[in-house]
Amino acid sequence: MSNANEGKNISYELERAEKVISKLEKKYHTLYKANYLSKFQCDTLFNEMMTVLVFLGDLGNTGDMNAIRIECEEKARKEFPKHPKKARTSFLRSYDNYTAPFDRLKERCWRVVDKVLTKK
């Protein structure tokens with residue numbers, strides 16, 4: 001990364017999102033076990049998870065992530081200057097390392113959303 005603070009800011013925000021998701025997952029399971037998933041509770045959980053998903057989407061579109069993407073592209077082009085397909089594969093592999101935490105958190109959100117939607 002070109003700036004050490006970029007990764008720290010993103011990591012910090014991902015940790016915050018992870019804590020919120022864990023809290024909402026726990027809330028869902030507690031309400032489910034207590035058989036207290038009313039329409040209001042389902043709507044509330046749904047809206048809270050959607051807020052987290054929007055936050056993760058916005059975080060993935062920040063200047064920090066764009067800088068990381070550009071850096072990964074440049075590195076791949078330098079690594080394979082005469083082989084665009086290899087450069088593309090290298091880029092995707094390295095960029096996936098940065099986007100994987102976003103994907104995991106989004107998957108967790110969508111699992112709760114799916115559960116909530118089936119209970120409505």
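Every number in this text was worked out from the coordinates using simple rules, so none of it is lab data. Nothing here was measured: the structure is a model prediction, and the numbers come from that model. So basically every Cβ, Gly included, is an ideal-geometry build from the backbone, and we count neighbours across all protein chains shown.
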| Going through the stretch 52-64 one residue at a time, which ones are more than 30 Å from TYR28 (Cα to Cα) and buried (at least 18 other Cβ atoms within 10 Å of the Cβ)? | ASP64
| request: May I ask you to list pairs of residues, at least six apart or on different chains, whose Cβ atoms are under 9 Å apart, with the first in the stretch 32-51 being exposed (fewer than 13 other Cβ atoms within 10 Å of the Cβ) and the second being among the polar types (S, T, N, Q)? | output: TYR36/THR30
| field | Test: residue in the stretch 5-25 that is in contact with a Cys (Cβ under 7 Å, 6 or more places away or on another chain), of a type in the set (A, V, I, L, M, F, W, C) and buried (at least 17 other Cβ atoms within 10 Å of the Cβ) | value | yes
| field | From ARG108, ARG93, residue being among the basic types (Lys, Arg) and surrounded by 15 or more Cβ atoms within 10 Å (Cβ to Cβ) | value | ARG108
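If only one of TYR95, TYR12, TYR28 is under 20 Å from the mean Cα position of the chain (by Cα), more than 20 Å from VAL112 (Cβ to Cβ) and in contact (Cβ under 8 Å) with a residue 12 or more places away in the chain, which one is it?
TYR95
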| message | Residues to consider are GLU79, GLU71; find the one that is of a type in the set (Asp, Glu) and surrounded by 14 or more Cβ atoms within 10 Å (Cβ to Cβ). | response | GLU71
